[in-house]
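My questions all concern the structure below.
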Amino acid sequence: MNTEATLRIAGTVQDSIVDGPGLRFTVFVQGCSHSCPGCQNPQTHDPNGGSTVFLDALLSQLDGNPLTDGLSLSGGEPMEQAEGCVLLARAAHQRGLDVWCWTGYLFESLLLGTAAQQSLLQEIDVLVDGPFLLEQRSLALPWRGSRNQRIIDVKKSLKIQKTVIYQSL
C-alpha cells in the first residue's frame, strides 16, 4: 500500500455493532456534499473538518482487534474520498474482512461515476445507497435511516449488471 496515502476523517469506532453485521471497524470520513436534512452525522459535512490520517494508522487500528468481522465506511461521504477508501477496502479484503459502505449516491449513478468511485465499488461487498430522507426516517430499519435507502449486494449486482438487494443470513 502507498504508505503516504491519507484520508480526512471525522473519527473511527473500533468495535461497532450497528454498522453492519458482526463486530465492525467503522471509519467516518469527513466531508459530504449531500448535506441531507436530519442527517445523524452533520459534523461530518464540512470537508475541512475532522483530521487527516495516514491509511497505515487506520490499518493498525483495524488490526488491533482480532475479533473484527469487517470494515464499514461511513461518513460523511466515502465516495467523495474514493481514492483513499479503495486502498483501505482492499487492505480489509486482504485481511479476510468484508466491506460495507454507506453513500448518499445511488448505486446506478456510481456505476457511471468517476474511475475512483467505480474502483471503490469493486471493493465493496454491501452498499447502503441513497440520501437520507427525513420524511422517510424509520428507527426500525436495520443498517439504514430512511425507507428509500437500499442495502445492495454489490458483488452479485456487478456480476449480473442488475441491482440485487442484500439478503442477510
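Evaluate the stretch 150-159: report whether one residue or more is without any contact (Cβ under 8 Å) to a residue 24 or more places away in the chain and either crowded, with 22+ Cβ neighbours inside 10 Å or on the phi < 0 side of the Ramachandran plot (or both).
Taking the stretch 150-159 and keeping what is without any contact (Cβ under 8 Å) to a residue 24 or more places away in the chain, we get 156, 159.
Subset that is either crowded, with 22+ Cβ neighbours inside 10 Å or on the phi < 0 side of the Ramachandran plot (or both): 156, 159.
Yes, the stretch 150-159 contains a residue that is without any contact (Cβ under 8 Å) to a residue 24 or more places away in the chain and either crowded, with 22+ Cβ neighbours inside 10 Å or on the phi < 0 side of the Ramachandran plot (or both).
Still on this structure, I have one more. Of all residues in the stretch 1-56, count the ones that are on the phi > 0 side of the Ramachandran plot, surrounded by fewer than 16 Cβ atoms within 10 Å (Cβ to Cβ), touching a helix residue (DSSP H, G or I) at 6+ places or on another chain (Cβ under 7 Å) and modelled with pLDDT of 95 or more.
Within the stretch 1-56, residues that are on the phi > 0 side of the Ramachandran plot, surrounded by fewer than 16 Cβ atoms within 10 Å (Cβ to Cβ), touching a helix residue (DSSP H, G or I) at 6+ places or on another chain (Cβ under 7 Å) and modelled with pLDDT of 95 or more number 0.
Now, a different point. Find the residue count for the stretch 112-151, including only residues that are under 17 Å from Ala89 (Cα atoms), within 15 Å of the chain's Cα centre (by Cα) and of a type in the set (A, V, I, L, M).
Final tally of qualifying residues: 7.
Scan the stretch 73-93 and give yes if some residue there is part of a loop (DSSP other than H, G, I, E, B) and touching an Asp or Glu at 6+ places or on another chain (Cβ under 8 Å), otherwise no.
No, every residue in the stretch 73-93 fails to be part of a loop (DSSP other than H, G, I, E, B) and touching an Asp or Glu at 6+ places or on another chain (Cβ under 8 Å).
Taking Gly84, is it at positive phi, touching a strand residue (DSSP E or B) at 6+ places or on another chain (Cβ under 7 Å) and surrounded by 14 or more Cβ atoms within 10 Å (Cβ to Cβ)?
Details: at positive phi: no; touching a strand residue (DSSP E or B) at 6+ places or on another chain (Cβ under 7 Å): yes; surrounded by 14 or more Cβ atoms within 10 Å (Cβ to Cβ): yes.
For Gly84, the condition - at positive phi, touching a strand residue (DSSP E or B) at 6+ places or on another chain (Cβ under 7 Å) and surrounded by 14 or more Cβ atoms within 10 Å (Cβ to Cβ) - is not met.
Kindly establish whether Arg24 is over 18 Å from Leu87 (Cβ atoms), touching a residue at least 12 places away in the same chain (Cβ under 8 Å) and among the basic types (Lys, Arg).
Numbers: over 18 Å from Leu87 (Cβ atoms): yes; touching a residue at least 12 places away in the same chain (Cβ under 8 Å): yes; among the basic types (Lys, Arg): yes.
Here the answer is yes, as Arg24 does meet what is asked.
Could you please tell me which pairs satisfy a Cβ distance under 7 Å, a separation of 6+ or placement on different chains, a first residue in the stretch 104-117 that is more than 17 Å from Gln81 (Cβ to Cβ), and a second residue that is assigned to a loop (DSSP other than H, G, I, E, B)?
Once the first residue is more than 17 Å from Gln81 (Cβ to Cβ) and sits in the stretch 104-117, its partners that are assigned to a loop (DSSP other than H, G, I, E, B) give Leu106/Gly130; Phe107/Thr163.
Take the residues in the stretch 129-143 that are in contact (Cβ under 8 Å) with a residue 40 or more places away in the chain and part of a loop (DSSP other than H, G, I, E, B), then tell me which one is surrounded by the fewest Cβ atoms within 10 Å (Cβ to Cβ).
So the residue we want is Leu133.
Identify, from the list Leu62, Leu120, Leu87, the residue that is closer than 17 Å to Thr26 by Cα, modelled with pLDDT of 95 or more and in contact with a Cys (Cβ under 6 Å, 6 or more places away or on another chain).
Leu120
So, His93, is that one over 22 Å from Arg147 (Cα atoms) and not β-branched (Val, Ile, Thr) or not?
yes
Can you name every residue in the stretch 87-106 that is surrounded by fewer than 21 Cβ atoms within 10 Å (Cβ to Cβ), under 28 Å from Gly38 (Cα atoms) and of a type in the set (A, V, I, L, M, F, W, C)?
Leu106
The values are calculated or read from the model by the stated rules, or taken from the named source; none is laboratory data. Here the structure is a predicted model, which means the values were calculated and not measured. Because the Cβ atoms are built from the backbone with ideal geometry, glycine has one as well, and the counts that use them run over all protein chains shown.
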